[in-house]
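Notes to accompany the following structure.
Since every read-out is calculated from the coordinates, none of them should be taken as a lab result. All of these numbers come straight from a predicted model, not from anything done at the bench. In this analysis, Cβ positions are derived from the backbone assuming ideal geometry, glycine residues included, and neighbour counts consider all displayed protein chains.
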Amino acid sequence: MSQESVSKETKQENKIMTKKLVTVAFIMLAFGFALVPLYDVFCEITGWNPNRTTGLAVYQEQEADTSREVKLRFVTVTKNDMPWDFRPLQSTITVHPGQEYEVAFRVKNRAKTNIVGRAIPSFSPTLASQYVNKTECFCFNQQTLLAGETEDMPMRFFIDKDLPKQYKSITLVYTLHNVTEETASLNVENTVAAN
């Protein structure tokens, strides 16, 4: 076998491998963009909402543990394609486990069109999330803001008294995603299916 034929075979194999790798990269990129709508569909199908823990979604009057204080920090992030200003009205609050609190987040649509947004929460430390119970939250549903509109969105919550003592500080991060196109696509699909 000549070196020229080996070289041609190697080049052909490299081309095939490159095509496969580029295809995998595009599939991964598409999957990344599809995660938010897939998350929404999964929650609708299963009825599961990680923001509402079964049995704890409704606050029942209980005696607050005033001997403990937990600092809760609020951080907001908007994705690059999201033309909203998004911030907490209070960036930090000190709470007593077992007592219900309300905070608000201000949003403003800077775009000249209506935008649909979806806030996805995450916690640090992650395990603390099971002790932060939201009884009312804008993150339960998509939010639509008209062009130029500003709104204060409330969140009511309490921290479970069973929160382990080592948690003295919790950070709640809301990442705001633009789901306008996904919502429009879903509405078109639902209209077509209904006809």
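Sorting 153-166, 106-119 by their mean Cβ neighbour count within 10 Å, with the most densely packed peptide first, gives 106-119, 153-166. Across region 132-148, rounded Karplus estimates of 3J(HN,Hα) from the backbone phi angles (6.51 cos²θ - 1.76 cosθ + 1.60, θ = phi - 60°) give 9, 10, 8, 9, 8, 7, 4, 6, 6, 9, 6, 10, 10, 10, 6, 3, x Hz, Gly and Pro being marked x. Converting phi to 3J(HN,Hα) with the Karplus coefficients 6.51, -1.76 and 1.60 and the offset θ = phi - 60°, region 168-174 yields 10, 8, 10, 10, 10, 10, 9 Hz in sequence order, with x at every glycine or proline. Highest average first, the peptides 14-21, 141-148 ordered by how many other beta carbon atoms sit within 10 Å of their residues are 141-148, 14-21.
Residues whose amide H falls under 5 Å from that of residue 84, counting only those 5 or more places apart or on a different chain, are 110, with hydrogens built in the peptide plane.
Given Cβ point charges of +1 (Lys, Arg) and -1 (Asp, Glu) and nothing else, what value in debye, to the nearest 20, does the dipole of region 61-143 about its Cα centre take?
I would put it at about 660 debye.
With θ set to phi - 60°, apply the Karplus curve 6.51 cos²θ - 1.76 cosθ + 1.60 along region 16-26 and write out the HN-Hα couplings as whole Hz, x wherever there is a Gly or Pro. My calculation for region 16-26 gives 4, 5, 4, 4, 5, 5, 5, 4, 4, 4, 5 Hz in order.
Please give the length that would be gained between residue 20 and residue 142 if that part of the chain were fully extended, namely 0.36 nm times their separation in residues minus their C-alpha to C-alpha distance (nm, one decimal). Don't skip to the end; give the middle numbers.
Values: separation 122, 0.36 × 122 = 43.92 nm, distance 3.69 nm.
The span from residue 20 to residue 142 would gain 40.2 nm if fully extended.
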